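Presented below is the structure to which this report refers.
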Amino acid sequence: MNLHTLPISMTRKRIKREQVPNEKKRQVVFTKRVQSLTNKANELSILCGVDVAMVVHKPTTNNEVLWPCPETFRERLQKFLDFPEFERAKKMVVHDKHLDNRLKEETKDAVKSHNKMDMKECQLLMNELVMKGKDFNEVDLVQLNKLQSFADEMLKKLGKRDEELNNENAMQHLPIINPPHIFF
């Protein structure tokens, strides 16, 4: 999944994460998104009991938004700046780091999906070979390698399941030790 076309919030359609070309539409989007962002900041502050301060600034104009209000924003910013720099850096989430983490997660998900798809293809190929009598001479080297990976994966799963069943069976056959009876 491309990070530039991720779904936003709970909307159903995907939007492109690029600047809106039309100035009027851009201003409408800006106003709506800032309002939504301030609502989320307010919810976070109330629900979690934390101090939240936010600045939204358009570089082309002098209309920055300081939330919740300029005085409270300055107080919260100063409180944050009063922390030792080491403590601030420990807890700070940098946008680039956040995007890198998201990209790593998306890459892992893509690899898992790819592997899952390969396994399904192997199952279908195996079905054609065994059930429908497809000739092995019709299978190319890539398909044979995938079949080997599929067989290895299935053997691992069977080994794990066999171990689970052996452990369950061993637990069922343990002798029950009754505590000694003490008579007075």
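In the context of the full protein assembly, Glu128 retains an accessible surface of approximately 70 Å², using a probe radius of 1.4 Å and ignoring ligands and nucleic acids. Across the range 73-88, coupling constants 3J(HN,Hα) worked out from phi with the 6.51/-1.76/1.60 Karplus curve, θ = phi - 60°, read 4, 4, 4, 5, 5, 5, 4, 5, 5, 6, 5, x, 4, 4, 5, 4 Hz, and Gly and Pro carry x.
Using a Gaussian network model of the chain in which every pair of alpha carbons under 10 angstrom is joined by a spring, one finds that among Thr60, Thr31, Thr107 the greatest mean-square fluctuation is at Thr60.
At full extension, Phe86 and Glu164 could sit 23.3 nm farther apart than now, given 0.36 nm per residue minus the alpha carbon distance.
Coordinate range of the alpha-carbon atoms in the chain per principal axis, descending: 82, 72, 32 Å.
For the chain, which whole-number percentage of the solvent-accessible area (1.4 Å probe, protein heavy atoms only) is attributable to carbon and sulfur atoms?
Numbers: 9490 of 16290 Å².
That share works out to 58 percent.
Here the extension length gained between Phe30 and Gln172 equals 44.6 nm, from 0.36 nm per residue of separation less the Cα-Cα distance.
In plain terms, the chain from Met119 to Leu77 could stretch by 9.9 nm, reckoned as 0.36 nm per residue minus the Cα-Cα distance. Using the Karplus relation 6.51 cos²θ - 1.76 cosθ + 1.60 with θ = phi - 60°, the per-residue 3J(HN,Hα) values for the range 152-163 come to 4, 5, 5, 5, 4, 4, 5, x, 5, 5, 4, 5 Hz, with x marking Gly and Pro. Excluding ligands, DNA and RNA, the accessible surface per residue across the chain is 89 Å² with a 1.4 Å probe.
Solvent-accessible surface (1.4 Å probe) assigned to Lys157 amounts to roughly 120 Å². Modelled label positions at Lys104 and Glu153, each set 7 Å beyond Cα in the direction of Cβ, lie 2.4 nm from each other. Measuring with a 1.4 angstrom probe and ignoring ligands and nucleic acids, Leu165 comes out at about 80 Å² accessible.
Glu128: net charge of surrounding residues, Cβ under 12 Å, Lys/Arg +1, Asp/Glu -1, itself excluded?
On the way: positive: Lys132, Lys134; negative: Glu121, Asp135, Glu138.
Neighbourhood net charge equals -1.
How high is the relative contact order of the chain, in percent, counting Cα pairs under 8 Å that sit 6 or more residues apart?
Relative CO of the chain lands at 9 percent.
Would you kindly give the portion of the calculated P(r) for the range 101-179 that falls above 22 Å, as a percent of all Cα pairs? Percent of Cα pairs beyond 22 Å in the range 101-179: 52.
The values are calculated or read from the model by the stated rules, or taken from the named source; none is laboratory data. On a predicted model such as this, the values are computed, not experimentally measured, just so you know. Quick reminder, even Gly has a Cβ in these numbers, built from the backbone with ideal geometry, and neighbours come from all protein chains shown. Please note that ligands, DNA and RNA were not included when accessible areas were found on the heavy atoms of the full protein model with its side chains. Shrake-Rupley method; radii C 1.70, N 1.55, O 1.52, S 1.80 Å.
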